[in-house]
Amino acid sequence: MASGKSIAAAVREIGRGADMDSIGAAAALFAGQHEAEPYQGVEVVRDIAYGPHERHGLDVFRAADRSGGPRPVFLFVHGGGFFGGEKRRAGSPYYDNVMLWAVRNGMTGVNITYRLAPDHLWPAGSDDVAAAVDWTRAHIGEHGGDPDRLFVAGTSAGAVHVAGFVAGPQYGAEDKVRGAILLSCLFDMTTSEPNSMKEAYFGTDGSKYAERSTLKGLVGTTVPVLVTLAEQDPADFERQTLQYVNAFWDAHGRWPDVVRVMGHNHFTTAWHINTADDRLARTLLDFVHAHGGAA
């Protein structure tokens, strides 16, 4: 197993790239550190439908021993640039690793997938997060989870969808979740870089970007929000996070909960969870416990 220092150096060498070679190199850094199935002490129920579409599916990870009573719930939303991504790929530890971390730390895990662009445009992703949250609140008790201690997290495009769920008043997030975690998120489509991924989901009409952005809603929500930014995130994510910090400061006169994850890039932020490198994991757990999610 490589040391944390050598992995951090390797991540910095890979840099901010998002080409297939960079993604493959990043995935390989932690792949050997993850658990392999069958997972000891963990029961997994896969591919439960939470809606009518074929991508309305979720996996539930629960402790085999549930004698301690209902557990807090950690719902996770994968990334993929709005037009790709999966909750799990056969032969890969990702994103089972996030779910295993949740169970190993006293929670019940819910791992979802969602509809993709360009067939499903804004706000389909956030609609799907809301539907998965509603399913979880209705059914997670059957799996040993506590629906009233539900946390929702996402990475990259998944973070954008979670942000839309939290910021959109139509979803009622303030009455449904205890907190939200956004790993490498974009907040303001009017100022984010133009690219094909953004246009595939948010459309090409820039006049609609303001109403489709989450910055104002996130700054005003009463849902506790934790934002993370990787040291080697693309520059647009850095600018967007700074914009969120400034807007939050202007509204509240204090910093929001924002953490820069050193030694990681856009992909390894989520991929290293449940390995020996537990710096971010400790932060996530502290956030859950601080907002009523102690097991």
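The set of residues from the stretch 187-215 being part of a helix (DSSP H, G or I) and more than 18 Å from TRP255 (Cβ to Cβ) comprises SER196, MET197, LYS198, GLU199, ALA200, TYR201, PHE202, GLY206, SER207, LYS208. Against the test of being surrounded by fewer than 22 Cβ atoms within 10 Å (Cβ to Cβ), of a type outside the set (Gly, Ala, Ser), free of Cβ contacts under 8 Å to residues at least 24 places away in the same chain and farther than 22 Å from THR275 by Cα, the options ASP146, ASP119 yield a single qualifying residue, ASP119.
Hey, does the stretch 194-205 have a residue that's touching a strand residue (DSSP E or B) at 6+ places or on another chain (Cβ under 7 Å), more than 20 Å from VAL98 (Cα to Cα) and surrounded by 14 or more Cβ atoms within 10 Å (Cβ to Cβ)? Taking every residue of the stretch 194-205 in turn, none turns out to be touching a strand residue (DSSP E or B) at 6+ places or on another chain (Cβ under 7 Å), more than 20 Å from VAL98 (Cα to Cα) and surrounded by 14 or more Cβ atoms within 10 Å (Cβ to Cβ).
Listed by first and then second residue, the pairs with beta-carbon distance under 7 Å, at least 6 apart or on different chains, first residue in the stretch 194-212 and among the basic types (Lys, Arg), second surrounded by 10 or more Cβ atoms within 10 Å (Cβ to Cβ), are LYS198/MET189; LYS198/SER192; ARG212/TRP122; ARG212/MET189; ARG212/PHE202.
Checking the structure you have, find out if any residue of the stretch 214-223 is surrounded by 24 or more Cβ atoms within 10 Å (Cβ to Cβ) and within 15 Å of the chain's Cα centre (by Cα). No, that holds for no residue.
Scanning the stretch 245-285 for residues that are among the hydroxyl-bearing types (Ser, Thr, Tyr) and closer than 14 Å to ILE7 by Cα yields THR268, THR269, THR275.
In the stretch 250-261, the residue that is surrounded by the fewest Cβ atoms within 10 Å (Cβ to Cβ) out of those that are touching a strand residue (DSSP E or B) at 6+ places or on another chain (Cβ under 8 Å) and among the charged types (D, E, K, R) is ARG260.
Among the numbered conditions (1) over 21 Å from the mean Cα position of the chain (by Cα); (2) more than 30 Å from GLU199 (Cβ to Cβ); (3) not β-branched (Val, Ile, Thr), the only one that PRO52 does not meet is (2).
Looking at ARG254, ARG260, just one residue is of a type in the set (Lys, Arg) and either within 23 Å of GLN232 (Cα to Cα) or in contact with a Pro (Cβ under 9 Å, 6 or more places away or on another chain) (or both), and that residue is ARG260.
In a residue-by-residue description of the stretch 159-172, the property of being out of contact with any Gly (no Cβ under 6 Å at 6 or more places or on another chain) and either of a type in the set (Lys, Arg) or in a strand (DSSP E or B) (or both) applies to no position. Considering the stretch 74-125, the residues that are among the aliphatic types (A, V, I, L, M) and either at pLDDT below 95 or in contact with a Pro (Cβ under 8 Å, 6 or more places away or on another chain) (or both) include one that is farthest from HIS291 (Cα to Cα), namely ALA90. Taken over the stretch 262-295, the residue count meeting the criterion of being in a loop (DSSP other than H, G, I, E, B), of a type in the set (A, V, I, L, M, F, W, C) and touching a strand residue (DSSP E or B) at 6+ places or on another chain (Cβ under 9 Å) is 3.
How about the stretch 224-247: which of its residues are surrounded by fewer than 19 Cβ atoms within 10 Å (Cβ to Cβ) and assigned to a helix (DSSP H, G or I)? Those that are surrounded by fewer than 19 Cβ atoms within 10 Å (Cβ to Cβ) and assigned to a helix (DSSP H, G or I): ALA235, ASP236, GLU238, ARG239, LEU242, GLN243, VAL245, ASN246, ALA247.
The values are calculated or read from the model by the stated rules, or taken from the named source; none is laboratory data. These figures come from a predicted structure and were not determined experimentally. Positions of Cβ are generated from backbone atoms using ideal geometry, with glycine treated the same way; all protein chains shown enter the neighbour counts.
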